[in-house]
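What follows is a set of notes on a single structure, which appears directly below.
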Amino acid sequence: MNEIELSERASLRYGLITLEDARRAGLKRGVIEHRVRTGRWIVVRRGVYVIAGVPKSWEQTLLAIQLGFGDCSLVSYRAAARLHGIYEAPAPFELSVPFSKGFRSENAVHVHRVKGLARVGMEIGPFRVTDPYRTLIDLAGVVDLGVLEGALDLSLRKRIVRLAQLKLGLGTTQPRGHPGIGSLRQLVEARDGSSELSESHLETRFLKLVRSGRLPMPVPQYVIKDRDFYARVDFAYPDVKMLIECDGYAFHSSRSHHDADRRRDRALADRGWTVRRYTYSDICSRGNDVIGELRRLL
């Protein structure tokens with residue numbers, strides 16, 4: 001490695017350089033110390049530097065932590081879920097290391113000592129991360145049921161996990177040492193192959209639920225519009241001004257979609273409509289509750 005390659009490597013690592021990389025590029029100790037003294041490089045952790053002027057970010061801090069821990073570590077739990085794109089809340093810095101290693105948690109860094117870690121690793125950009133299956137299992141022990149369900153549904157929508165393989169993995173995972181594993185199993189069992197298909201299948205399930213409850217059939221794909229507003233909703237009961245949306249995969253695929261849905265709901269409420277949103281689990285696992293609520297509203 002030369003200095004040009006070192007710079008290119010840093011550009012892929014949020015401006016980070018390790019002491020090992022610098023030495024491999026042929027930089028002597030005195031050169032490295034001079035760059036630190038003159039402010040060209042800033043020490044962020046022992047043996048890890050950032051090039052001056054590179055903006056700080058959550059990803060940069062996380063990667064600096066991982067580089068400081070060495071090749072044995074994997075980003076895990078909520079931090080891994082965020083890198084996989086299935087956890088949108090602020091995530092703490094979490095790493096898993098082999099059980100035999102003596103690493104301990106430190107200020108703002110959660111360290112989990114895990115057996116068999118090498119079998120569940122993968123790469124996302126410059127990060128070494130637990131794969132999405134292991135990430136969901138880990139996540140089950142540190143988030144509430146609603147957040148876990150959202151992460152599972154986003155994983156299915158993004159097609160980074162398959163239900164059959166997840167069921168297989170859960171079947172060989174012992175509850176002991178894995179808090180929340182029972183909750184994840186329940187969520188997985190509540191889904192079948194149709195949960196990996198389009199949301200139109202969820203709408204079909206909803207109509208079957210309505211028929212089974214002997215409720216009036218709603219109007220599908222109902223349009224509400226006026227001079228400055230337009231919305232198409234999954235189902236409507238126009239006589240009582242009630243709208244139904246079937247929210248597959250954790251209110252769509254991103255926080256921006258979620259926020260847009262909520263803005264639209266408020267606009268519909270301002271126009272006198274009652275909006276009810278039902279998730280996959282509502283329709284497929286808590287159908288009696290849905291029927292009861294609809295019967296009261298109708």
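The values are calculated or read from the model by the stated rules, or taken from the named source; none is laboratory data. Owing to the predicted nature of the structure, the values given are computational and were not obtained by experimental measurement. Positions of Cβ are generated from backbone atoms using ideal geometry, with glycine treated the same way; all protein chains shown enter the neighbour counts. Heavy atoms of the whole protein, side chains included, go into the accessibility calculation; ligands, DNA and RNA do not. Shrake-Rupley method; radii C 1.70, N 1.55, O 1.52, S 1.80 Å.
General observations
- Looking at GLU94, GLU88, GLU106, just one residue is buried (at least 23 other Cβ atoms within 10 Å of the Cβ) and acidic (Asp, Glu), and that residue is GLU94.
Here is a yes/no grid of residues against (1) in a loop (DSSP other than H, G, I, E, B); (2) among the small types (Gly, Ala, Ser); (3) under 15 Å from GLY70 (Cβ atoms):
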| position | (1), (2), (3) |
| --- | --- |
| LEU95 | no, no, yes |
| SER100 | yes, yes, yes |
| HIS110 | no, no, no |
| ARG119 | no, no, no |
| GLU123 | no, no, no |
| ARG128 | no, no, yes |
| THR135 | no, no, no |
| ASP138 | no, no, no |
| VAL142 | yes, no, no |
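Residues are listed down the side, and each one gets a yes or a no for (1) open to solvent by 10 Å² or more (accessible area, probe 1.4 Å); (2) within 18 Å of LEU62 (Cβ to Cβ); (3) not aromatic (Phe, Trp, Tyr):
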{"position": "LYS115", "(1), (2), (3)": "yes, no, yes"}
{"position": "MET122", "(1), (2), (3)": "yes, yes, yes"}
{"position": "GLY125", "(1), (2), (3)": "yes, yes, yes"}
{"position": "TYR133", "(1), (2), (3)": "yes, no, no"}
{"position": "GLY146", "(1), (2), (3)": "yes, no, yes"}
{"position": "LEU154", "(1), (2), (3)": "yes, no, yes"}
{"position": "GLN165", "(1), (2), (3)": "yes, no, yes"}
{"position": "PRO179", "(1), (2), (3)": "yes, no, yes"}
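- When ARG104 is tested against (1) at pLDDT below 95; (2) part of a strand (DSSP E or B), only condition (2) is not met.
- Counted residues, the range 16-52 - those being exposed (fewer than 12 other Cβ atoms within 10 Å of the Cβ) and either under 15 Å from PRO126 (Cβ atoms) or touching a residue at least 12 places away in the same chain (Cβ under 8 Å) (or both): 3
- In the set ARG82, ARG13, only one residue is surrounded by 21 or more Cβ atoms within 10 Å (Cβ to Cβ), outside any helix (DSSP H, G or I) and under 27 Å from the mean Cα position of the chain (by Cα); that residue is ARG13.
- Answer from TYR237, TYR230, TYR222 - the residue that is more than 26 Å from GLU149 (Cα to Cα), modelled with pLDDT of 85 or more, surrounded by 18 or more Cβ atoms within 10 Å (Cβ to Cβ) and of a type outside the set (A, V, I, L, M): TYR237
- Qualifying residue in the range 56-75 (condition: more than 27 Å from ARG113 (Cβ to Cβ) and open to solvent by less than 80 Å² (accessible area, probe 1.4 Å)): yes
- In the range 242-282, residue surrounded by the fewest Cβ atoms within 10 Å (Cβ to Cβ) [restricted to those that are more than 19 Å from VAL219 (Cβ to Cβ), at pLDDT 85 or above and among the acidic types (Asp, Glu)]: ASP270
- Taking the criterion of being open to solvent by less than 30 Å² (accessible area, probe 1.4 Å) and under 12 Å from LEU202 (Cα atoms), the only residue of the range 283-298 that qualifies is ILE283.
- Residue ID - modelled with the highest pLDDT, chosen from residues in the range 183-219 that are closer than 18 Å to ASP282 by Cβ and basic (Lys, Arg): ARG211
- Each residue in the range 1-55 was checked for being among the charged types (D, E, K, R) and in contact with a helix residue (DSSP H, G or I) (Cβ under 7 Å, 6 or more places away or on another chain), and 5 pass.
- Enumeration of residues in the range 44-79 that are among the polar types (S, T, N, Q) and in a helix (DSSP H, G or I): GLN60, THR61, GLN66
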